[in-house]
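Q: What follows is a structure written as structure tokens; I'll ask about it next.
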Amino acid sequence: MKMSNKNNPIQAVKITQRDFRETPPPKSGPKPLREVTKELVDKLQSDIDKSTLELKQHFQSHPNVPAVLKVRLLENALAKSHRPDNVFKDNTCPIIGSADFGILLVSANEEGLGQLRQRVQSRAKTVQPDIAAIEEISVFSSEDRLQVRSLDDDDFGVQKYKIHLFDHLKDSQNAVVKNYFDESTANESLDITFREFSPHTRFHTVKAKSKLSIQNLANNVAVRSIEEMPTYTPTDYKLATSPVGPIDNLLLPDPTTGVDYPVVAVVDSGICRKSIQINKWVVGRKSFVPENLLDTSHGTMVGGLIASPSSLNYQGSGFPNTQAKLVDITVFDTSGSASEDDLMDMISEAVEEFPEIKIWNLSIGRSEPTPLNAFSDFGCFLDDLSEKHGILFVVASGNHNSFTSSKPEEEKLRESRVSSPGDSLRALTVGSMAHKENPLSASETGQCSPFSRIGPGPAFTPKPEVIHYGGNCTPSGSFAQIGVLSCGPDNQMFESVGTSFATPIVSSIAANAWKSIDGTIVATPEKVKALVIHSAVLGCNGYEYSTGFGKPGDIDDLLYCTDDQITLMFEVDVRHGLVEFERSPIPLPTSVQDAGMFKGEVAMTLVYSPPFDRSFGSEYSRVNISVSMGETKDVLDEKTGELKTIFKGKVPPLPSEKKDLYEINQLKNSFKWSPTKAHKKRYPQGTGVAAWKLKMESTIRAEEQNPATPQKTVLLVTIKSIKEGTNLYSDAVRLLKTNGWILNPVAVNVPITIQQ
């Protein structure tokens, strides 16, 4: 692999007003997906009549308290253009959220249901496509609300439950619903507490005394969901650790005096105070656990792999030469678990106490996957905390043991999907890959570790985004000499495996990236996340659910280019409405051109942090930014016989298996609505492009108003020559500056010491 050249820093491109242009409005609305027949109208009216009858008793006793209906759409009606918002309006039953893909939630009262019944008879051209998109209307039921695994009598009085109320998107309506909930549960003798952790993370907790209490809650129209309060563990807490020998200052060197190291917060089981070598790297502590209840083996290993991953693994190939200091945040005791609400309290307090720490390592998870159709409270909480404090959480994808079972492959894949809080969209989620193998190991070197939880995340988001070394094991779980090495309690070296130990390696890289760019440019979580992911994209052959975009390189690979390539960073405030970002033309040096053909490779990584709304389930991300790089062509319109100008993208998304334009396939195959996207294309035979153009544009969800501020977006674009011995970097910088581009290096110095 070619080495990055520190004379070739990634170049940040200055954006100007000339980079934005207005776009024409769409010419017409969508055509109906099917004929609106009398049978369809009768069916929908029957659904409305049935729903009205089911809710009659509630509306008679509480006419001002809205209920909620489910609206199931046709499978091919998931796109924004098919949203039936001309049917479900404020004067009928307005849309207030979504549940699963293609299932909308609407707020309903008796008058609105009557108006809705009339509305579905409309023959207006603006309404017909909306009616055609509707498959079924029904009442949100107690079965929809009850999301508990079981109602075991032994749990009552002990098990804590979590209750979400519906958000009707109006303060006045929500106040009515909240009062109704409080009054209707007052006689249940329930110990209910309201908790608000962040703008998108608020719920009630309750310890119910009987099965009847839970069933009554499930019949309450104010309630959206009831579930057990989740518990979390260090992701590898139940895995064995094997002592290897003592730690010395060759395996874990002392910090070099005078070096300003980056610092990472380690939210875990604690770093052993008796481990002399690693404590030289600890610069702060906060513990929520009494001293006599500590088991620091897991947290100490995690901390070691942040402090000096390469030296602890004998300078093994592929381990980064990064180092970082540590703030020890202890949240797990000897039980090895903590409830979700307790963890949120502890992390909130720790972040407030250490606002200067920008990278937070969370090697924690659950024993079950996240659902495909909703994002977890913990993930949403991390998103809010990241936005408020400008920090990046680096989170483990989690571990599973499905590889040891004899279940059908499809079931094993379903059970092995990423766990919470690895679904956090603002976080950088890390899976594990094997760096060693033996004749009995379950994975080969370079493959996803057998225990590593895989993608996709909720709404088919790319989770994990990256992987790193977390070890290997046999089908029986043995990992001797194929695990990862780090320091453990009492100054001992330990060997173990798990995504817990891949995650801190990436945290170390991310912290060094932040430190390296801050001051040269303004460091942000989005820029650091983009740099880490883009480094992986450059070395990958495509996106895989198991390995994400691949393994990021060392810190030099994140910040500098090889001689045969150039990477440009665009930080763009993408505007909403009929405006798009467009940089054209993009001048390219002769080393990627041959007789008018482009011969080379283009890779792009896009990262942004959109507004979120948990009420919309799988539609949690409310803004989509799309990017494309290609050319504009004049083509003949066969219908009109006139020339029209079209843009054709030449760098497809990863993955690039787009089967059709249905929304569900765009979610799966090009990560529509995901705030992380990547594109890549290699043209060894060349492709004819007269003038390269780069475009970005915004799309907002159907119920959203245009946000008041543009969407800040980070885009990394790499152009690489496929010819040997070229000096594309210096040629490209010179050519871009000659054409008026204003460039600034992203990093000038990398403030680390590299252990040999």
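Q: Filter segment 713-730 down to the residues that are surrounded by fewer than 15 Cβ atoms within 10 Å (Cβ to Cβ) and of a type in the set (D, E, K, R), then identify the one that is nearest to Pro587 (Cα to Cα).
A: Lys723
Q: Please go through (1) surrounded by 23 or more Cβ atoms within 10 Å (Cβ to Cβ); (2) under 23 Å from the mean Cα position of the chain (by Cα); (3) of a type outside the set (D, E, K, R); (4) closer than 18 Å to Asn399 by Cα for Pro371 and return the number of the only condition it doesn't satisfy.
A: Against the list (1) surrounded by 23 or more Cβ atoms within 10 Å (Cβ to Cβ); (2) under 23 Å from the mean Cα position of the chain (by Cα); (3) of a type outside the set (D, E, K, R); (4) closer than 18 Å to Asn399 by Cα, Pro371 comes up short only on (1).
Q: Among the residues of segment 90-134, how many are among the small types (Gly, Ala, Ser) and closer than 16 Å to Lys43 by Cβ?
A: Result for segment 90-134: 3.
Q: Return yes when Gly470 is touching a helix residue (DSSP H, G or I) at 6+ places or on another chain (Cβ under 8 Å) and surrounded by fewer than 22 Cβ atoms within 10 Å (Cβ to Cβ) and no when it is not.
A: Working: touching a helix residue (DSSP H, G or I) at 6+ places or on another chain (Cβ under 8 Å): yes; surrounded by fewer than 22 Cβ atoms within 10 Å (Cβ to Cβ): no.
The answer is no for Gly470.
Q: Identify the residue in segment 576-611 that is surrounded by 22 or more Cβ atoms within 10 Å (Cβ to Cβ) and of a type in the set (Phe, Trp, Tyr) and, among all such residues, is farthest from the chain's Cα centre (by Cα).
A: Phe581
Q: Of (1) farther than 16 Å from Ile306 by Cα; (2) modelled with pLDDT of 95 or more, Asp248 satisfies all except one. Which?
A: (2)
Q: Find the residue count for segment 334-350, including only residues that are touching a residue at least 60 places away in the same chain (Cβ under 8 Å) and touching a Leu at 6+ places or on another chain (Cβ under 8 Å).
A: The number of residues fulfilling the criteria is 2.
Q: For Asp328, state whether it is outside any strand (DSSP E or B), assigned by TED's automatic domain parsing to the domain that holds Cys272, of a type outside the set (A, V, I, L, M, F, W, C) and buried (at least 18 other Cβ atoms within 10 Å of the Cβ).
A: So Asp328 fails the test.
Q: In segment 377-408, how many are touching a residue at least 12 places away in the same chain (Cβ under 8 Å), of a type in the set (Lys, Arg) and either over 20 Å from Tyr608 (Cα atoms) or outside the structural domain of Ile364 (by TED's automatic domain parsing) (or both)?
A: Of the residues in that region, 0 qualify.
Q: Among the residues of segment 539-569, which ones are part of a helix (DSSP H, G or I) and β-branched (Val, Ile, Thr)?
A: Residue satisfying the conditions is Ile555 alone.
Q: What single numbered condition from (1) within 25 Å of Ala79 (Cβ to Cβ); (2) in a loop (DSSP other than H, G, I, E, B) fails to hold for Leu116?
A: Leu116 satisfies all of (1) within 25 Å of Ala79 (Cβ to Cβ); (2) in a loop (DSSP other than H, G, I, E, B) except (2).
Q: Give segment 68-81 a look and list any residue that's of a type outside the set (A, V, I, L, M, F, W, C), more than 26 Å from the chain's Cα centre (by Cα) and either farther than 27 Å from Val177 by Cβ or outside the structural domain of Leu104 (by TED's automatic domain parsing) (or both), or say none.
A: none
Q: Quick check on Phe494: is it in contact with a helix residue (DSSP H, G or I) (Cβ under 7 Å, 6 or more places away or on another chain) and farther than 26 Å from Lys712 by Cα?
A: When the stated conditions are applied, Phe494 passes them.
Q: Within segment 264-286, which residues are buried (at least 22 other Cβ atoms within 10 Å of the Cβ), of a type in the set (A, V, I, L, M) and in a strand (DSSP E or B)?
A: Within segment 264-286, Val264, Ala265, Val266, Val267 meet the criteria.
Q: Okay, moving on. Can you give me the ranges of the strands (runs of 3 or more DSSP E) entirely in segment 1-89 with at least 3 residues that are at pLDDT below 95 and over 22 Å from Asn624 (Cβ atoms)?
A: Per the criteria, 5-9.
The values are calculated or read from the model by the stated rules, or taken from the named source; none is laboratory data. Only a predicted model underlies this, so the values are computations on that prediction, with no experimental measurement involved. Cβ coordinates were reconstructed from backbone atoms using ideal geometry, including for glycine residues, and neighbour counts include every protein chain displayed.
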